[in-house]
1. When Lys and Arg each count +1 and Asp and Glu each count -1, what net charge do the other residues less than 9 Å away from K31, Cβ to Cβ, add up to?
2. With every protein chain left in place and a probe of 1.4 Å, what is the accessible surface of F141, to the nearest 10 Å²?
3. Between the stretch 128-144 and the stretch 75-102, how many Å separate their Cα centres?
4. Once the Cβ-Cβ distance between K85 and N13 is put in as r, and R0 is 25 Å, what FRET efficiency do you end up with, to the nearest 0.05?
5. Here are a few candidate values for Rg and Dmax of the Cα atoms in Å: [x] 15.5, 55; [y] 14.7, 46; [z] 17.9, 62. Which one was actually calculated from the structure I just gave you?
6. If R₀ is 41 angstrom, what is the calculated FRET efficiency for the pair C142 and V24, using the beta carbon separation as r and rounding to 0.05?
7. Which lysines have a Cα less than 18 Å from the Cα of K11, not counting those fewer than 8 places away in the same chain?
8. Calculate the FRET efficiency for K41 and E105 from the Cβ-Cβ distance with a Förster distance of 25 Å, rounded to the nearest 0.05.
Amino acid sequence: MTDFILIEGDKANFLPNFGAAVVVVRPGDLKGSGPATLNGKKICVDGDEKKVSVPGCTYMTPQYSIPGTGTLKIAALAGDQKATKTKTGGKAVLLKGGNFTAKFEVQNPAKQPPPGPGSPIPDPTPQYSGSGMFITTNFKFCGT
C-alpha cells in the first residue's frame, strides 16, 4: 500500500457527524517530529497524530439544542495510515491513507431547554466518536 507521506503543516480534517452530535469542525495542524524532512518540513511519524487538538468547537444534538463546546482529537489511525516499511528515526512514517477515527471530548455540555421553568438540562455524554481524513501538501513522496 503506497501513499503520500504526511509532513509538518498538513491538516487533519474532521467530519461534522459524531454519532448523535453535530460538531462545527475546524481542521487540526499536524506537527512533525521525525528527523527526516521533505521540502524543509519535518516528516510526521507514529505518535504525532496524538498531538492534534482542536479546542473550542461547538456542538449540539437533536435532544440538546443549546450548543456546547469541546475538543476534537484523533482517537486512532486507520490501518493504511501508518507505514509498515518506511521509517525515519526508528518510527513508522504517517501516510495520507483512508479515514481515521476521531473523538470529540465535551468540555461544556450542550443543554436541553427545560420543559417548564428551571435550568436547562446538560448533555450527560462526555465524548462522541466520529472520523476524519488527512489533507497533505506532499504529492511527490510516498511511503509503504
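The values are calculated or read from the model by the stated rules, or taken from the named source; none is laboratory data. The model shown is predicted, which means the values in this text are computed figures rather than measured ones. Please note: Cβ atoms are built from the backbone with ideal geometry, for glycine as well, and neighbour counts cover all protein chains shown. Remember, those area values only see protein heavy atoms, side chains included, never the ligands or the DNA or RNA. Shrake-Rupley method; radii C 1.70, N 1.55, O 1.52, S 1.80 Å.
1. Working: positive: K42, K51; negative: E8, D29, D48.
Counting the neighbours of K31, the net charge comes to -1.
2. Ignoring ligands and nucleic acids, F141 comes out at about 80 Å².
3. Here the two parts' Cα centres lie 9 Å apart.
4. On the way: r = 26 Å, r/R0 = 1.05.
Efficiency at R0 = 25 Å is approximately 0.45.
5. Answer by label: [z].
6. Values: r = 34 Å, r/R0 = 0.82.
Efficiency computed from Cβ-Cβ geometry: 0.75.
7. Reachable lysines: K31, K41, K42, K50, K51, K73, K82, K96, K103, K140.
8. Numbers: r = 28 Å, r/R0 = 1.13.
Here the calculated transfer efficiency is 0.30.
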